[in-house]
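The values are calculated or read from the model by the stated rules, or taken from the named source; none is laboratory data. Please read all numbers here as calculations on a predicted model, not as lab measurements. Note: ideal-geometry Cβ built from the backbone for every residue, glycine included; neighbour counts use all protein chains shown. With ligands, DNA and RNA removed, areas are computed over all heavy atoms of the protein, side chains included. Shrake-Rupley method; radii C 1.70, N 1.55, O 1.52, S 1.80 Å.
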Amino acid sequence: MEQTFIMIKPDGVQRGLVGEIISRFEKKGFYLKGLKLMSVEQSFAEKHYADLSSKPFFQGLVEYIISGPVVAMVWEGKNVVTTGRKIIGATNPSDSAPGTIRGDFAVEIGRNVIHGSDSVESARKEIALWFPEGVAEWQSSAHSWIYE
Ligand code: DAT
Ligand code: MG
């Protein structure tokens, strides 16, 4: 099944939103396959956001991501990449709908609480970068209550 990489950014950790965010993905019916609290170095953050290296906000973005511990996760489920982005909401919290994580918990684009992979291909790359050790293999006993 499809997997995505989700990261709670330092502001989400500092503000105590970890449980709330995990809960939204869990209640939806997605499966937690990897989870760790970690601090990343500048070079690692630059690698994660390499596609944005030419943007004027790149340096500030990297400084934000390395400013405290983050929660790195792998979630699995049908269409989890696209649906995960919907649960997260638009990049700029001014545009994120209420009911989304950014819509409910963020104000500024540079403090938007959470990252989610934007395609199956980026998810594959990001999971390989953040979880080189691999992720857990387990099946939920609720599977047949969630999937037809
Ligand atoms: P997303 O995180 O929704 O995938 P993105 O990949 O385009 O958005 O950008 C990564 C992060 O960079 C985003 O979560 C917040 C920051 N960012 C994006 N556009 C920005 C901008 N115009 N000004 C400041 N920060 C920005
Ligand atoms: Mg992105």
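Listed conditions (1) within 14 Å of ligand 2 (Cβ to nearest atom); (2) closer than 15 Å to residue 3 by Cβ; (3) part of a helix (DSSP H, G or I); (4) not aromatic (Phe, Trp, Tyr) are all met by residue 118, apart from (3).
Restricted to the range 77-115, and to residues there that are open to solvent by less than 20 Å² (accessible area, probe 1.4 Å) and away from ligand 2 (no atom under 13 Å from the Cβ), the residue that is nearest to residue 11 (Cα to Cα) is 113. The residues of the range 25-35 that are open to solvent by 50 Å² or more (accessible area, probe 1.4 Å) and within 12 Å of the chain's Cα centre (by Cα) amount to a single one, 35.
Confirm whether residue 44 is open to solvent by less than 10 Å² (accessible area, probe 1.4 Å) and either assigned to a helix (DSSP H, G or I) or within 24 Å of residue 146 (Cβ to Cβ) (or both). No; evaluated as a whole, the condition is false for this residue. Of the residues making up the range 41-93, those that are of a type in the set (D, E, K, R) and within 12 Å of ligand 1 (Cβ to nearest atom) are 51, 55, 63, 85, 86.
Of everything in the range 96-122, what is closer than 23 Å to residue 76 by Cβ and of a type in the set (Lys, Arg)? Give them in sequence order. Residue satisfying the conditions is 102 alone.
Summed over the range 2-21, residues that are open to solvent by less than 30 Å² (accessible area, probe 1.4 Å) and outside any loop (DSSP other than H, G, I, E, B) total 9.
The set of residues in the range 130-147 that are surrounded by 10 or more Cβ atoms within 10 Å (Cβ to Cβ) and not in a loop (DSSP other than H, G, I, E, B) comprises 130, 143, 146.
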